[in-house]
Amino acid sequence: MNKSTLTSRVTASLTGTLKHMKRDRQLLVLFLPCLIFYVVFRYGPMFGLTIAFKDYSVFEGILGSKWVGLKHFVKFFSSNDFVLLFKNTLALGFFNLIFGFPIPILLAISLNELRVKWLGKSIQTLTYLPAFLSVVIICSMVIDFLSPSSGLINKLIAALGFEKIYFLIMPEWFRTIYVASDIWANMGYEAIIYLAAIAGISPTLYEAARVDGCSRLKSLWYITIPSLMPTILIMFILKTGNMLRIGYEKVLLLYTPTTYEVADVFSTYVYRKGLIESNYSYAAAVGMFEALIAMIMLLSANFISRKAGGKGLW
């Protein structure tokens, strides 16, 4: 390819790009706030990850702090906390995925199959309400429900003749409480995604199935579920990628010193080391490790999805 041909192709490409930008300028203006948000709050702060490889000092700044290489990573991997944190984070993420992922799907299918429309709308509204509540309010409600003195759950247990259970100070109950409350808080919101996917299924498929003598159960099995599979796969990939990204807020609000052994996760550890102990470089190293593991899991889930079902995020 000679120089003139290359120049003409580049010119044609730039002309085409500018033409499309002029044509879609309204859409680009609408997209601009999203772009600014990601540049400022997502990509910009990535420069701060360099403190994971330095002995960061607030007085010397990021650029002036001394490089120490992988010192903080080696320190974390060789500590007794590493195995405990990895085990707890993996357990919470795994149980959340196994039990929390299918329930919104089942809820959406159940709501779609209900023939009493007002009942379906009422159930959808009730299950969606927790999405409007903050994590603090959700956790406060959980603590109130499980209170040994005035909690609704313990009152029911006592009414049935059993002894009250001190749920929040018993390590064996923490993961159940965390996963159950997460399902309750998110299932209505996530079900909307699947309801939208169901609404996009062509009614002619169901009409043709009825003509062929298919029952509602067979229509569900052979039309609804296969049509939902692309959405299910995408949501599964996203959920798998976030399996180890357990937010510190909810754990911090629900755990107690007696449940640290099963409740302490990467995010709460980063919170303690970084914000409470001011060990910023060490906390950044732990957070970076968590992000790398999450990225590997996301890429792996996408790869497996493409191999198994032919569809993925990319």
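The values are calculated or read from the model by the stated rules, or taken from the named source; none is laboratory data. Remember, predicted model here, so these are calculated numbers, not experimental data. All Cβ positions, even for glycine, are placed from backbone atoms using ideal geometry, and neighbour counts span all protein chains on display. Accessible surface is based on the protein model in full, side chains and every heavy atom, while ligands, DNA and RNA are left aside. Shrake-Rupley method; radii C 1.70, N 1.55, O 1.52, S 1.80 Å.
With every protein chain present, what accessible area does Asp24 have (1.4 Å probe, heavy atoms only), rounded to the nearest 10 Å²?
50
Rounded to the nearest 10 Å², what accessible area does Thr17 show when all protein chains are kept and the probe is 1.4 Å?
Taking all protein chains as shown, Thr17 has close to 70 Å².
Only Cα pairs under 8 Å and at least 6 apart count here; give the relative contact order of the range 80-237 as a rounded whole percent.
Across the range 80-237, relative contact order equals 28 percent.
Classify the range 148-279 as rounded, prolate or oblate, taking a ≥ b ≥ c as the square roots of the eigenvalues of its Cα gyration tensor: rounded when a/c is under 1.5, otherwise prolate if a/b is larger than b/c and oblate if not.
oblate
State, as an integer percentage, the relative contact order of the chain based on alpha-carbon contacts under 8 Å between residues 6 or more apart.
Normalised by residue count, the contact order of the chain is 23 percent.
Compute, for the chain, the length of the dipole vector about the Cα centre, with Cβ point charges of +1 (Lys, Arg) and -1 (Asp, Glu) only. Units Debye, rounded to 20.
So the dipole magnitude of the chain works out to roughly 1300 debye.
If I ignore ligands, DNA and RNA and count only protein heavy atoms, how much of Met170 is accessible to a 1.4 Å probe, in Å² to the nearest 10?
50
What are the equivalent ellipsoid semi-axes of the range 82-167, built from the alpha-carbon gyration tensor (square roots of five times its eigenvalues), in whole angstrom, biggest first?
28, 23, 14
Taking the Cα atoms of the range 1-106, what is the range of coordinates along each of the three principal axes, in descending order and whole Å?
For the range 1-106, the Cα spread along each principal axis is 63, 54, 34 Å.
Using a 10 angstrom Cβ neighbour count of at most 15 plus a DSSP loop assignment to flag exposed GluC sites (Glu not before Pro), which longest range of the chain is free of such sites?
Free of exposed loop sites, the longest segment is 164-276.
Which value in nm describes the separation of the simple spin-label points at Thr7 and Arg210, placed 7 Å from the Cα toward the beta carbon?
Taking the simple label geometry, Thr7 and Arg210 are separated by 6.8 nm.
How many percent of all Cα-Cα pairs in the chain sit more than 33 Å apart?
47
Report the local net charge at Glu207: Lys and Arg +1, Asp and Glu -1, summed over other residues whose C-beta lies under 15 Å from its C-beta.
Combined, the nearby Lys, Arg, Asp and Glu give +2.
Order Val74, Val135, Val270, most accessible first, counting only protein heavy atoms with a 1.4 angstrom probe.
So the residues, ranked largest to smallest area, are Val74, Val135, Val270.
Per residue of the range 256-261, what does 6.51 cos²θ - 1.76 cosθ + 1.60 with θ = phi - 60° give for ³J(HN,Hα)? Whole Hz please, x for Gly and Pro, Karplus curve as stated.
Each residue's phi maps through the Karplus curve to give 10, x, 6, 10, 3, 5 Hz.
How many angstrom separate the Cα center of the range 107-126 from the Cα center of the range 220-276?
About 27 Å separates the Cα centre of the range 107-126 from the one of the range 220-276.
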